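Notes follow the structure.
The values are calculated or read from the model by the stated rules, or taken from the named source; none is laboratory data. Note that the structure is predicted; figures quoted are calculated from it, not measured. Cβ placement follows ideal geometry from the backbone for every residue including glycine, while neighbour counts extend to all protein chains displayed.
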Amino acid sequence: MASIFRTIADLWSLVVGLAITGKEFCRPGVTVHYPRAEVTPESAASFRGPIELIGLDKEPAKPRCIACMLCVSACPSGCIAVTRAPAPKPTPEELKAIAEAEARGEKPKRPAPPKAPGTWTYDFSLCSLCGSCVEVCPVDSIGFSNDIYMVGTKREDFVFDQLARLARKAAARKAEPKPAAKPAPSAAPEAAPAPAASPSETGAATPASEA
């Protein structure tokens, strides 16, 4: 008896699977047959390509990255290498203040390094596109690109300097021609004043008719 119910359940599972297959078979295809068909920007928008840095809103050539190294620690493939930017060289006034503080036996205050990366290298040949670096970034400085036409002839072609890549991308976006502004709609012409009504139309009596 149990084997009969098991057989019926297996057949029902087969019917459900065939129903889903038949429904999807009748729908239009969503796969783009490249290169026979062109990949539109809308289709490429959902493509998860190699990661890239995201620039600041006011300065697109500078990354949001604060060199916290969380992406380096989270990457399971070891494809990210980041170094912190060095501290700026002290000015003559700062050097003088440091020397005076040391002469007094105090701890001098030296220029602090900026919260920015000095180098940001990405090896796409090792990346598994798991997205761990994107999820762990506290300032949303990493995202997936939509580059579907990336090719190379050697492994070194897929090792990217992300800071230089971000600068090139910002320069290219800046060089793009801006769309022409739409002309403002012209004001509607003022309506001409209505002509004055004649006495016959208004029903007023004329001197001749009164006589």
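The table for this structure:
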{"quantity": "Condition broken by Val32, with the remaining ones in (1) part of a loop (DSSP other than H, G, I, E, B); (2) closer than 30 Å to Leu163 by Cβ; (3) among the β-branched types (Val, Ile, Thr) satisfied", "calculated": "(2)"}
{"quantity": "Scope the stretch 10-46; condition modelled with pLDDT under 85 and surrounded by 10 or more Cβ atoms within 10 Å (Cβ to Cβ); matching residues", "calculated": "Val32, Tyr34, Ala37, Val39, Ser43, Ala44"}
{"quantity": "Residue match in the stretch 17-25 (condition: within 28 Å of Arg155 (Cα to Cα) and over 24 Å from the mean Cα position of the chain (by Cα))", "calculated": "no"}
{"quantity": "Answer from Lys109, Lys174 - the residue that is modelled with pLDDT under 95, closer than 25 Å to Glu42 by Cα and exposed (fewer than 12 other Cβ atoms within 10 Å of the Cβ)", "calculated": "Lys174"}
{"quantity": "Condition met for Glu106 (farther than 22 Å from Asp161 by Cβ and either within 20 Å of the chain's Cα centre (by Cα) or among the charged types (D, E, K, R) (or both))", "calculated": "yes"}
{"quantity": "Residue satisfying all of: in the stretch 123-155; among the acidic types (Asp, Glu) and outside any loop (DSSP other than H, G, I, E, B); nearest to the chain's Cα centre (by Cα) among these", "calculated": "Glu135"}
{"quantity": "Top-ranked residue of the stretch 79-122 - restricted to ones that are in a loop (DSSP other than H, G, I, E, B) and touching a strand residue (DSSP E or B) at 6+ places or on another chain (Cβ under 9 Å), ranked as nearest to Val151 (Cα to Cα)", "calculated": "Cys79"}
{"quantity": "Residues within the stretch 123-149 that are acidic (Asp, Glu) and under 11 Å from Pro50 (Cβ atoms), tallied", "calculated": "2"}
{"quantity": "Test for Ser145: is it in contact (Cβ under 8 Å) with a residue 24 or more places away in the chain, under 23 Å from Phe158 (Cα atoms) and among the polar types (S, T, N, Q)", "calculated": "yes"}
{"quantity": "Filtered residues of the stretch 83-111 (kept if under 30 Å from Val72 (Cβ atoms) and small (Gly, Ala, Ser))", "calculated": "Ala85, Ala87"}
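A quick yes/no check of all residues on (1) out of contact with any Lys or Arg (no Cβ under 9 Å at 6 or more places or on another chain); (2) farther than 20 Å from Arg168 by Cα:
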position	(1), (2)
Ser43	yes, yes
Pro63	yes, no
Ala67	no, yes
Leu70	yes, yes
Gly78	yes, yes
